[in-house]
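Chemist: Take a look at the following structure, please.
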Amino acid sequence: FGIYTPILKTIAFDAPKGFIRPTKSDAKWHVSDSELVFAGFDTIAESLRGGGTILIIVDEAGFVNPDEFEYVTKSILYPMLQKTIGKGQGRQIYISTPAKTPDHPFNILFELEKDENRLQIYTIYDNPVLTKEDIQEIIKEQGGDTSIGFRREYLCENVRDTGGLIIPKFEQKHITVTS
């Protein structure tokens with residue numbers, strides 16, 4: 001959670017006094033009348049069990065162990081939203097590039113949301129901070145704009161990385177023609 005504390009301290013500096021307040025835990029902050037809780041897809045997520053919430057934001061969901069992703073989303077996060085989802089308040093937001101393996105549970109969710117027209121995709125070309133020169137440098141570093149890494153990480157495409165596949169060399173002698 002070390003990444004969030006400095007960010008929240010910076011935001012709190014410009015916010016009205018008392019609007020954003022830390023607690024004794026780095027994982028919890030008070031924002032106005034709400035509580036902001038940070039938890040990982042490991043044992044910390046278990047501590048959230050039984051609570052309720054109106055908003056869950058999952059960052060880098062495509063890089064979570066697939067078994068942990070399935071367990072935490074179905075057994076901890078969704079039940080937390082059940083109290084508010086029926087009232088039209090409960091929401092889950094997943095922020096991530098697709099996982100390397102297309103059958104990762106996040107990628108399955110990604111495709112489902114895409115089919116339901118509930119997916120927002122932002123690519124490198126949507127980033128107002130990057131110049132055309134910055135983008136070209138990134139493309140070059142990634143091995144071109146058609147490389148698997150560039151397409152997944154910067155274009156948010158659900159693509160299979162074929163670099164690790166072993167395919168035997170094609171030889172004419174392996175073809176059998178039957179009549």
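The values are calculated or read from the model by the stated rules, or taken from the named source; none is laboratory data. Worth saying up front: this structure is predicted, and the values here are computed from it rather than measured. Glycine also receives a Cβ, built like all others from the backbone with ideal geometry; neighbour counts cover every protein chain displayed. SASA here: full protein model, heavy atoms, side chains in, ligands and nucleic acids out. Shrake-Rupley method; radii C 1.70, N 1.55, O 1.52, S 1.80 Å.
Chemist: From the phi angles alone, apply the Karplus equation (6.51, -1.76, 1.60; θ = phi - 60°) to the range 122-127 and give each ³J(HN,Hα) in whole Hz, x where the residue is Gly or Pro.
Modeler: With the stated coefficients, the range 122-127 comes to 10, 10, 4, 6, 8, 7 Hz.
Chemist: Oh, and also: Quick one: with all protein chains in place, what share of the accessible area of the range 73-152 is carbon or sulfur, to the nearest percent (1.4 Å probe)?
Modeler: Values: 2730 of 5380 Å².
Using a 1.4 Å probe with all protein chains present, the range 73-152 comes out at 51 percent carbon and sulfur.
Chemist: Separate question: Using θ = phi - 60° and the Karplus relation 6.51 cos²θ - 1.76 cosθ + 1.60, list the HN-Hα couplings for the range 133-149 in order, rounded to whole Hz, with x at every Gly or Pro.
Modeler: 5, 4, 5, 5, 5, 5, 4, 5, 4, 7, x, x, 7, 9, 5, 4, x
Chemist: Sticking with this one: So for each of 133-142, 73-82 I average, over its residues, the number of other beta carbons within 10 Å; can you give me the resulting order with the highest mean first?
Modeler: So the order, starting with the most tightly packed, is 73-82, 133-142.
Chemist: Follow-up question, since we're still on this one. Which far-off residues, 5 or more places away or on another chain, put their amide H under 5 Å from the one on residue 58, with H placed in the peptide plane?
Modeler: 93, 94, 95
Chemist: At a Cα cut-off below 20 Å, give the lysines reachable from residue 140, other chains included and same-chain residues fewer than 8 away excluded.
Modeler: 132
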